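Engineer: Quick one: structure below, then a few questions.
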Amino acid sequence: MRTVSVSIALTENYDTNGGLMIMPGSHKTFLGCAGATPKDNYKKSLQMQDAGTPSDEALTKFADRHGIRLFTGRAGSATWFDCNCLHGSGDNITPFPRSNVFIVFNSVENTAVEPFSAPVRRPEFIGARDFTPVR
């Protein structure tokens, strides 16, 4: 897969307000997840990801091997990472908001295929099928 993500902080990202965590280097090893992806999973997956998540045992092995980095920074700072790196955010239980925008950049040679375990494709506004290069 030839994709990269950027997370841009819209507010301050502290080490206490549920910032993005990444396991550096984890993108080099495929980690399968049990179960199928429910229909319309995209509607709730950014609030609570149930489907397609690794087991606690697998996460522990990957964390032992790769470590976990927590990204913090001021509004406007950005973090770039390979889309296949294990990543996630914890809950924000502080009074300080944390808002980020995530953008995924994909090679035009890396066209989307039929889903591996989801019953249907993602909607066009999430997973576009037009791979015409931007000029």
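The values are calculated or read from the model by the stated rules, or taken from the named source; none is laboratory data. Everything quoted here is computed from the prediction, not taken from an experiment. With ideal geometry, Cβ positions are generated from the backbone for all residues, glycine too; neighbour counts draw on all protein chains shown.
Engineer: Could you tell me whether the range 15-25 includes any residue that is modelled with pLDDT of 95 or more, assigned to a loop (DSSP other than H, G, I, E, B), surrounded by fewer than 17 Cβ atoms within 10 Å (Cβ to Cβ) and in contact with a Leu (Cβ under 9 Å, 6 or more places away or on another chain)?
Structural biologist: no
Table: residues versus (1) without any contact (Cβ under 8 Å) to a residue 40 or more places away in the chain; (2) within 16 Å of Gly18 (Cα to Cα).
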residue	(1), (2)
Leu70	no, yes
Phe81	no, no
Val108	yes, no
Arg122	no, no
Phe125	yes, no
Pro133	yes, no
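Engineer: Right, something else. Kindly indicate whether Thr79 is over 19 Å from the mean Cα position of the chain (by Cα), polar (S, T, N, Q) and at pLDDT 85 or above.
Structural biologist: Answer is no for this residue.
For (1) touching a Lys or Arg at 6+ places or on another chain (Cβ under 6 Å); (2) at pLDDT 85 or above; (3) in a strand (DSSP E or B); (4) among the hydroxyl-bearing types (Ser, Thr, Tyr), each residue gets a yes or a no:
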{"position": "Ala63", "(1), (2), (3), (4)": "no, yes, no, no"}
{"position": "Ser117", "(1), (2), (3), (4)": "no, no, no, yes"}
{"position": "Arg121", "(1), (2), (3), (4)": "no, no, no, no"}
{"position": "Glu124", "(1), (2), (3), (4)": "no, no, no, no"}
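Engineer: For Leu70, are the conditions met, namely being within 21 Å of Pro95 (Cα to Cα) and at pLDDT 80 or above?
Structural biologist: Considered against the rule, which asks whether it is within 21 Å of Pro95 (Cα to Cα) and at pLDDT 80 or above, Leu70 comes out as yes.
Engineer: Just for the range 97-110: of the residues that are surrounded by 10 or more Cβ atoms within 10 Å (Cβ to Cβ) and over 18 Å from the mean Cα position of the chain (by Cα), which one is nearest to Tyr14 (Cα to Cα)?
Structural biologist: Looking at the filtered set, the residue picked out is Pro97.
Engineer: Somewhere in the range 38-52, is a residue modelled with pLDDT of 90 or more and either in a helix (DSSP H, G or I) or touching a strand residue (DSSP E or B) at 6+ places or on another chain (Cβ under 8 Å) (or both)?
Structural biologist: No: the range 38-52 contains no residue that is modelled with pLDDT of 90 or more and either in a helix (DSSP H, G or I) or touching a strand residue (DSSP E or B) at 6+ places or on another chain (Cβ under 8 Å) (or both).
Engineer: Just to be sure I understand the filter: pairs with C-beta atoms under 6 Å, separated by 6 or more residues or on different chains, first member in the range 90-101 and in a loop (DSSP other than H, G, I, E, B), second member modelled with pLDDT of 95 or more and of a type in the set (A, V, I, L, M). Which pairs pass?
Structural biologist: Ser99/Leu10
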